Amino acid sequence: MLARGGALSPFSGLGSTHAALSERLETGLIEGYELGLVHEYDISKNPIKRLWKRWKAGPSKVKLQSKSHDIVHVTDQEQAGLVPVSGKSVVTVHDLFHLFPNSRNGIEVGEQKPTYIRRKDLARIKKGLSRAGLLICVSKDTQQECEMRFPGVPTTWIPHAIDLEKYQQKTTKPSWFSNGVNLLIIGSEEPRKRVDFAIKVCAGMDITLHKIGAESSKESRIKLTKLAEEVGCKLNWVGRVEQQEMVAALQHADALLFPSVAEGFGLPPLEAYAAGTVALVADAPAHNEIPLEHHILPPEDIEMWRTAIRELSDESSVVQARAKDFSIENWAGRLKEAYDSLF
């Protein structure tokens, strides 16, 4: 049985991993295991109803339905309050910085001053994680923190998988690419993503930086666009694109910049590798577990980032070979071993 709370869009980070797990179980990819039931519900606009479903109705329903299933797999840590008291249970932990806020490179990560309701919610989440039978961590950094935060709870490392073929299909260069060097930055404008740092890196260079991803707010776009104008960075604000256009952008870009200082996994660098494109990544957890060593750069050294951009070369075969370590087949084998360990 797969369980989460309110249903999320399959285009969101947590929503896509939940949908992928459901589909792979449904198609029999995990040998010896099949999908019995998916617990989720439409998110209500009424905050009282949302809280009732999250704290009372949801956990009660999962507890009842879990009796007819061998394993309950809660697909992200935010829903750990659903973990039943008895039976075999698994929680996928994508990151912990929303549960345990901290500061990285001077940037606050996670909600530093949660409301009273959120504090109560966090207590339920942490109790759920403490009674889980197994925590599946998508990065080694998160696994180490889980072992520290929840001593005695078994953990295992299973990184996200990627459909390699999807990123290697032939595409045409996006119409919005410019002549010369084209770099990408993918994600939101949250401070931890450091889009502003990427803009400063590209300042004065004869390159175009394309920003892909649904914007957090109009204010953030205005602020970053203004910064680009001030420092002399050619910024092309693309916004959200469909999957096929994203693949085309990754394939035809000269490199992906990923200066984030906090990630649960960091999928864009792996997507770039699968597409045969270099990803230049800040040396910060957990996305620094993915790239080749010479693509990992000091988070604050602008000149080293500029040098790496100037020295870019075709490394498609090398980076695609690295991406194979994160194949769906490898992921399926790891998940089978994790489920087997419960018995």
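The values are calculated or read from the model by the stated rules, or taken from the named source; none is laboratory data. It should be emphasised that the depicted structure is a prediction, and the values quoted were computed from it without experimental measurement. Quick reminder, even Gly has a Cβ in these numbers, built from the backbone with ideal geometry, and neighbours come from all protein chains shown.
Overview of results
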{"read-out": "Flag for residue 231 being of a type in the set (Val, Ile, Thr), more than 19 Å from residue 287 (Cα to Cα) and in contact (Cβ under 8 Å) with a residue 12 or more places away in the chain", "value": "yes"}
{"read-out": "Selected residue [crowded, with 17+ Cβ neighbours inside 10 Å, touching a strand residue (DSSP E or B) at 6+ places or on another chain (Cβ under 6 Å) and in contact (Cβ under 8 Å) with a residue 40 or more places away in the chain] from 185, 212", "value": "185"}
{"read-out": "First in the stretch 99-112 and farther than 16 Å from residue 193 by Cα, second anywhere and hydrophobic (A, V, I, L, M, F, W, C), Cβ under 7 Å, 6 or more apart", "value": "99/122; 99/125"}
{"read-out": "Scope the stretch 122-142; condition in a helix (DSSP H, G or I) and farther than 12 Å from residue 92 by Cβ; matching residues", "value": "122, 123, 124, 125, 126, 127, 128, 130, 131, 140, 141"}
{"read-out": "Residue list for the stretch 134-145, restricted to those being under 16 Å from residue 334 (Cβ atoms) and of a type outside the set (Gly, Ala, Ser)", "value": "134, 135, 136, 137, 138, 140, 142, 143"}
{"read-out": "All positions within the stretch 35-89 that are exposed (fewer than 15 other Cβ atoms within 10 Å of the Cβ) and touching a Gly at 6+ places or on another chain (Cβ under 6 Å)", "value": "43"}
{"read-out": "Scope the stretch 91-123; condition within 20 Å of residue 74 (Cβ to Cβ) and more than 23 Å from the chain's Cα centre (by Cα); matching residues", "value": "120, 123"}
{"read-out": "Filter result for residue 276 (at pLDDT below 95 and not in a helix (DSSP H, G or I))", "value": "no"}
{"read-out": "The stretch 279-320: number of residues that are more than 27 Å from residue 173 (Cβ to Cβ), in a loop (DSSP other than H, G, I, E, B) and among the polar types (S, T, N, Q)", "value": "0"}
{"read-out": "Residue tally, condition of a type in the set (Gly, Ala, Ser) and assigned to a loop (DSSP other than H, G, I, E, B), over the stretch 1-18", "value": "3"}
{"read-out": "Number of the condition not met by residue 165 [criteria: (1) surrounded by fewer than 13 Cβ atoms within 10 Å (Cβ to Cβ); (2) among the acidic types (Asp, Glu); (3) part of a loop (DSSP other than H, G, I, E, B)]", "value": "(3)"}
